[in-house]
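Notes follow the structure.
The values are calculated or read from the model by the stated rules, or taken from the named source; none is laboratory data. Keep in mind it's a predicted model, so treat the numbers as computed, not measured. Cβ placement follows ideal geometry from the backbone for every residue including glycine, while neighbour counts extend to all protein chains displayed. Only protein heavy atoms, including side chains, enter the accessible area calculation; ligands, DNA and RNA are left aside. Shrake-Rupley method; radii C 1.70, N 1.55, O 1.52, S 1.80 Å.
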Amino acid sequence: MANEACIVGIGETKYCRGEGSGMSQLALQLSACSAALADAGLKARQIDGIMPFPNLGSAEGFAANLGCENLRFAATINMGGAAPVASLQAAGAAVKAGAADYVLVPAGWNGYSGRRAAQTLSEQVSSIPGGAIARDFYFPYGLTSPPQWYALMARRHMHLYGTTAEQLGAIALAMRKHAQLNPNAVMNGKDMSLDDYMASPMITDPYRLFDCCLETDGAAAMIVTTAERARDLAGSPVRILGVAAGQPYPADEITNRKDIFMTGLTIAAPQAFKKAGLKPSDMDFAQIYDCFTFEVLQQLEETGFCERGEGGAFVEDGRIELGGALPVNTHGGLLSEAHVLGMNHIVEAVRQLRGECGARQVKDAEVGVVTGWGDFGDGSIAILGTA
Amino acid sequence: MSNSDYKKPLPALEGLTQEFYGFCREGELRFQRCASCQAWRHVPREMCAQCGSMDWSWEASSGRGKLFTWTVAARPLHAAFADDAPYAPAVVELDEGVRLVTEIVNCKPVDLEIDAPVEVIFDAVTPEITLPKFRRTGL
Ligand SMILES: [Zn+2]
């Protein structure tokens, strides 16, 4: 177990809405990269691998700005919000194979002050999952954006398994509660009750406003290297015990799946747990990609924390809150901290394992899981542990 | 109605997609069916993922099926649908087994029920494009 790749540096910016970041998308991400370098105790010229998030910058651009003079590994995993966790797999493989010594993975955007989600949709179909399929067979019917695609699955789940709005609300409430313990969470200081949740306007049935992730400005970054190199650094590394990625089938069309709830995670999760030699019940926490509430429930099922159809009952009674059996999204997640494309979930997992989370620290956290979700259900998962 | 009056997104008439919508314009709902293993498929693909055959034909669908799932878009997330909300994009599963994204035309969003029986109708939204939509039967 001694030679797993490790996360040796994390960084993030302030997360905000309101006036916005006041920085370019690249500058914002570079700030997070600098923070990650300082956290790791590394110089930019030691970074010889960079994995940008899809469509949010080039490795060349990051290298030129940061001063990475020795870049030799550059790649992007095209899995939307599943990319950061999937990049952990590729970065780990790269450092173990000697393709790079230190791989920097940035992500971030002006998701509030820049292009807000509702505005990006009418633009380039080529940047939408499914591409021409979505253009030719979804858009003509007004099925144009992620909450609508995923609402189709949520509605079917409610029909088959009796999943309720209150159960989706329990997820939103847990994230909001955790955000009250996180000063960098955009929803810090903004309590929410179940009544508030139920009263929030319907966006696309069954999704209300508070089922939907935030639109925020912010960036985060991480640095991956080998266990051997990690030992020479000052900080305490976090080990990548098992990591995997997967795609639903077919990945480019969301309605003709034999199993409508099958996602990339359905394939990836068993592989990640097998590699780690661990099982879901061993996890001290879970940072689950929470673009919408139902996707948390669905991923809890597909990760194996409960059986298919049991997710609704699983999230009740505070089980996913701090102090419960499986604290989920202890930072507040995309729903209540910020939408940093899931990189903030990795940052939070690392902080929990380092014991740096203060009021929201999971006691004696030694091993936890982080997932990613993107496009039409691409999935990724990493099991991380203390060094 | 002239083209310029219709502001919503339209399919690009290219390749197999053009053939699919070409049949719709003639009032026919057809899907690809593998000549080798008889499997139906949608959306249009070059190859049968069941058996690997590239031989297929456009076969007429019964046009009947049931409502598989739906959402009610209360807040339009695309400017072209601003005046339509609330509207209900839906997924219909045809008797042949294929599913397609569509719209249910004759019932209010609140009356949508999973597994409700539906049948195809054709909506000529422009002179070039006819969209297959569905109406609930047995109401
Ligand atoms: Zn075949």
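A few points about this structure:
- Structure note, pairs B:K7/B:K66; B:K66/B:K133; A:K43/A:K275; B:K66/B:K108; B:K108/B:K133; B:K8/B:K133: Cα-Cα distances above 20 angstrom occur for B:K7/B:K66; A:K43/A:K275.
- Label separation (A:S236 vs B:R135): 6.9 nm, computed from points 7 Å beyond Cα along the C-beta direction.
- Exercise: per-residue mean of other protein chain Cβ atoms within 10 Å, B:103-114: 1
- Surface composition of the protein assembly as shown: carbon plus sulfur atoms contribute 48% of the solvent-accessible area (1.4 Å probe, protein chains only, all chains present).
- GNM flexibility winner over chain A from A:V95, A:V85, A:V370 (Cα, springs under 10 Å): A:V95
- If only the Cβ of Lys and Arg carry +1 and only the Cβ of Asp and Glu carry -1, the dipole of chain A around its Cα centre is close to 520 debye.
- Area buried, chain A against chain B - accessible surface, total, 1.4 angstrom probe, square angstrom: 3300
- Top of A:A172, A:A86, A:A365 by mean-square fluctuation, Gaussian network on chain A, Cα under 10 Å: A:A365
- Folded to 0 to 90 degrees: helix B:15-25 orientation relative to chain B principal axis, Cα: 60
- Three-way shape label, chain B, alpha-carbon gyration tensor, a/c 1.5: oblate
- Between B:L13 and B:D111, residue separation times 0.36 nm minus the direct Cα-Cα distance comes to 31.9 nm.
- The dipole here belongs to chain B: it is taken about the Cα centre, uses +1 on the Cβ of Lys and Arg and -1 on the Cβ of Asp and Glu, and is about 260 debye.
- Where no second cysteine Cβ lies under 4.7 Å, the cysteines concerned in chain B: B:C24, B:C107
- For A:L28, A:L209, the ranking by accessible surface with the largest value first comes to A:L209, A:L28, using a 1.4 Å probe.
- With Cα atoms, 0 to 90° folded angle of helix A:343-354 axis to chain A main axis: 60
- A crude spin-label estimate for the pair B:E59 and A:K14, with each label 7 Å from Cα along the Cβ direction, gives 6.3 nm.
- Fluctuation leader among A:W373, A:W109, A:W149 - chain A, Gaussian network, Cα springs under 10 angstrom: A:W149
- FRET E, pair B:A124, A:E307, Förster distance 51 Å, beta-carbon r, rounded to 0.05: 0.60
- Helix A:83-97 and the longest principal axis of the Cα set of chain A meet at an angle near 30°.
- A:K43 accessible area, 1.4 Å probe, all protein chains in place, Å² to nearest 10: 120
- About the centre of its Cα atoms, the range A:238-372 shows a dipole size close to 440 debye [charges on the beta carbon of Lys, Arg (+1) and Asp, Glu (-1) only; nearest 20 debye].
- Ranking A:F137, A:A86, A:L214 by how far each Cα lies toward the positive end of the dipole of the protein assembly as shown (charges on Cβ) leaves A:A86 at the top.
- Those residues of the range A:129-146 for which accessible area with every protein chain present is at least 50 Å² below the isolated value (1.4 Å probe): A:R135, A:D136, A:F137, A:P140, A:Y141
- Per residue of B:64-75, other chain Cβ atoms within 10 Å of the residue Cβ number 6 on average.
- DSSP beta bridge pairing in the range B:15-136, given as percent antiparallel to the nearest 5: 95
- Placing unit charges on the Cβ atoms of the charged side chains and taking the dipole of the protein assembly as shown about its Cα centre, the candidate lying farthest along the positive direction among A:M262, B:C37, B:N106 is A:M262.
- Signed unit charges on C-beta, dipole axis of the range B:45-139, positive-most listed residue B:M54, B:P86, B:W70: B:P86
- Hydrodynamic analysis of chain A uses the Kirkwood radius over alpha carbon pairs. Inserted into Stokes-Einstein at 20 °C and 1.002 mPa s, it gives a translational diffusion coefficient of 104 µm²/s.
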